[in-house]
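One structure is given below, encoded as structure tokens.
The values are calculated or read from the model by the stated rules, or taken from the named source; none is laboratory data. Fair warning: this is a prediction, and the values are worked out from it, not measured in the lab. Note: accessible area is taken over every heavy atom of the protein model, side chains too, but ligands, DNA and RNA are not part of it. Shrake-Rupley method; radii C 1.70, N 1.55, O 1.52, S 1.80 Å.
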Amino acid sequence: MENKEFQLDLQELVENYAWKRFTVQLGCIKRLFHRRYKYYFDIPWGFVEFSHETTKTNERPQKDGGKDKNKVLFFSTFDNMSEGPQKYTFATERSTTATTSVEMQDNYTIGKTANLEIDLKGVKVGVGVNDSLSVTDTKCEEFSEILTWNINTEIIVPPWTSARATLYIVEEQSFKEFEVTTRISLRTGSLPVSIRRIKDNKIVKTYRITNLRCIFTDKHDKLVKFEKVDVPNSEIKDVVPVIVSKGVCKNLSWKNQHVELQCSEIKPEANEARSATNVVD
């Protein structure tokens, strides 16, 4: 499937709007001598404000029911073939990688870059992102963090006992479907868009967009709605475009480091038999 069925490129919409106005003013004859590939568009996106609100998060059912899983990070075996208890040190350092990936379905972009803030409060996230993610990739973006696990503990093994110490951590996985509502407004009341000639960088025309509604057409109705908002220090209400982006947040995280000790008896006679065999050999 083509991404354009699901992604709305604001850069392209503004450029198309400015170019259409430019060519209409040229007239039929002059229009033949002005080719779009000879120009580029200067759009200061800092004049535009994007306000993001995560309006929906739904847990997606998993095949295994979403149960946490114990994973072995490290193990060691200690054999005490003596008449008294022995002390051993169980020590190691291991690393795991926690990941959070965001896959976009319906969304908007500015050129080849996404521009979305996702609030993940209440969602299990294994990376240090302060409950929010800034997504710039138009398809899928992954965030990761290396986690280090340390253990240094004393183990007492009884006489004639083989002990296996195992370091476990718990793996958590979650899949969240989300929706983010983005309201787009003009910070200073207008967006200046300049058309520049490539060969000498000269501005040939500048248009000031005072209402962003003009860049959208009827075919964008599935992704774009319009809301009336209050204008500061005025009784006038402004109409701003509202875009709902959808996607899936997949998370793999780790928690609850713990050690389990399993013991089995070593029979003295079995050890003596092994020793006798070694002597014969």
Please list, in chain and number order, the residues 5+ apart from LEU191 or on another chain whose amide H is under 5 Å from its amide H, with Hs placed from the backbone. ILE209, THR210
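Exceeding 19 Å between C-alpha atoms, which entries from my cross-link table qualify? They are LYS71/LYS255; LYS112/LYS225; LYS225/LYS246.
LYS112/LYS225
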Accessible area, 1.4 Å probe, largest first: how do GLU179, GLU265 sort? GLU265, GLU179
For TYR108, TYR40, give me the order by solvent-accessible area with a 1.4 Å probe, most accessible first, ignoring ligands, DNA and RNA. TYR40, TYR108
For CYS249, CYS263, give me the order by solvent-accessible area with a 1.4 Å probe, most accessible first, ignoring ligands, DNA and RNA. CYS263, CYS249
Any chance you could look up the accessible area of SER95 with a 1.4 Å probe, heavy atoms only, rounded to 10 Å²? 80 Å²
Not counting ligands, DNA or RNA, and with a 1.4 Å probe, what is VAL72's accessible surface area in Å² rounded to the nearest 10? 80 Å²
